[in-house]
Amino acid sequence: MLGEKGMIKFTLVLLFCSSISVQAITYSDALEKIQEHEVIQSGNFKVRAIQEEAKSKGSWGDPVFKIAAKNYPIDTLANDQTPMTGIDFGVSQKIPLTNKYEVKKSALESLSQAYRYNIENQKELLILNFWNILIENRKLSDELIILENNKDWIEKNLKVSSRLYTMGKVTQQAILEIQIRSFELDNIISNKKHELSKIKEKIKYLTGHSEIEEKSIPWNSLDTSSTDNIDYRELEFQEKVKAKQHAITASSLDLISDITISLNYTQRSNIDMVGDFIGVSISFPLPFSDKKSSNYSKSLYEESKTLKEYEVYKKSKNRDIMLKTQEIKKLNSELNVLNNKIIGFAIDARKIISKSYGVGKATYIELLQSELNLQNILLRKVALESKRDLERVSLKYIKGDLFDE
């Protein structure tokens, strides 16, 4: 059994551990965690693998060493019965007549650089996803505030209804309808809280923490443009095009076959007093098949395919920038009307009807309609703000804008 002091220490430890587990991190710390995500680490290993492959493709290959026992009599296996008997030592090396291996290495180096840019793009995608989650988290939080405020308002009017009921100014149905509305809000609030808990798990997947300090999130950056735009997808395409062009050059150079030079030394018993033998040979394949010419044609088609994909990307990028810019303007215009006109009128209307209901001059139906109307308008505002900021984040990503603080 723990004593009083032991129990106090145990409680303090639990509170300390609990505070650590729910400790929120800043936005900048979250970005650093995202840079270390497993997706990024996997991509780095891919780059290293391609770099090593580039070294392999740029090599001539290892020389071949050969030892062979030649012309030994099958009956005796003696080495001094015939002048042709001996042990043959040979070294051979494949030598290119062009610089095609250097070009193949360059092709893979360009491909490696393309993957580096792909990793940077993956980082941007993770940050984009992170921003989408933050916006969704803010939207749910704002909706929860609206619903909880409405719940408080309903509860106050429920008390008013009870007073009016005792005075005979409203029926019991009015109280029941308002209670039903209160229960509906309880259910909606519960669902919102459940959705917020799922958002925390999404944040934890990216950053290792389920809470982000709200004050550290640079919301204002969504409405600004950076001068240091870097489009990693476009840079990736450019490096892929370079890789394909190097591949075409390598395929054309590959039409000229490599030669293999071999040097042989035969150690003999010297029964004919002539001594040991040496020999030199040169060999090369005859390009009679379609293999090399087909590889060259294949490289041409692959370059054309990559160039077309690059052109499609540039066109779609310009289109998406224009469409999203127009959509943001439209959403801002709608928000401006809501903020400057509709919301104020809806708040005033609810106040007026609430006062009228309190003195028995408005029905409970008018009361609930005014509450529901204001709620829908406020939720509409939150939804529009969320949609607008999602478009802003997407636009920054398309432009290659940095997600800095």
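The values are calculated or read from the model by the stated rules, or taken from the named source; none is laboratory data. None of the values given here were measured: they were computed from a predicted structure. Cβ placement follows ideal geometry from the backbone for every residue including glycine, while neighbour counts extend to all protein chains displayed. SASA here: full protein model, heavy atoms, side chains in, ligands and nucleic acids out. Shrake-Rupley method; radii C 1.70, N 1.55, O 1.52, S 1.80 Å.
Per residue, the solvent-accessible area of the range 192-293 (1.4 Å probe, heavy atoms of protein chains only, all protein chains present) comes to 64 Å². Pull out a ≥ b ≥ c, the square roots of the eigenvalues of the alpha-carbon gyration tensor of the range 308-388, then state rounded if a/c is under 1.5, prolate if not and a/b is larger than b/c, and oblate in the remaining case. Prolate is the answer for the range 308-388, as a/c is 1.5 or above and a/b outweighs b/c. Over the Cα atoms of the chain, the radius of gyration divided by the Kirkwood radius equals 1.31; this is the Rg/Rh ratio.
Ignoring ligands, DNA and RNA, what percent of the 1.4 Å accessible area of the chain is carbon and sulfur? Don't jump to the answer; show the numbers that get you there.
Numbers: 13690 of 24600 Å².
Here carbon and sulfur together make up 56 percent of the probe-accessible area.
If R0 is 41 Å, the Cβ-Cβ spacing of residue 316 and residue 141 corresponds to a FRET efficiency of close to 0.75.
Here the range 319-333 and the range 113-170 have alpha carbon centers that stand 24 Å from each other.
Only helical runs count toward this figure. For the chain, summing -39,500 (n - 2.57) over DSSP H runs of n ≥ 4 and dividing by all residues gives -24000 deg cm²/dmol at 222 nm.
Kindly state, to the nearest 0.05, the FRET efficiency for residue 234 paired with residue 288, given R0 = 35 Å and r defined as their beta-carbon distance. Write out the running numbers ahead of the final one.
On the way: r = 43 Å, r/R0 = 1.23.
That pair, residue 234 with residue 288, gives E of 0.20.
Remark: the residue 148-residue 376 segment gains 80.7 nm on full extension, using 0.36 nm per residue and subtracting the alpha carbon distance. Which residues does the label zone of residue 264 cover in the range 77-99, counting backbone N under 15 Å from a point 7 Å along Cα→Cβ? Output list for this probe position: 84-93.
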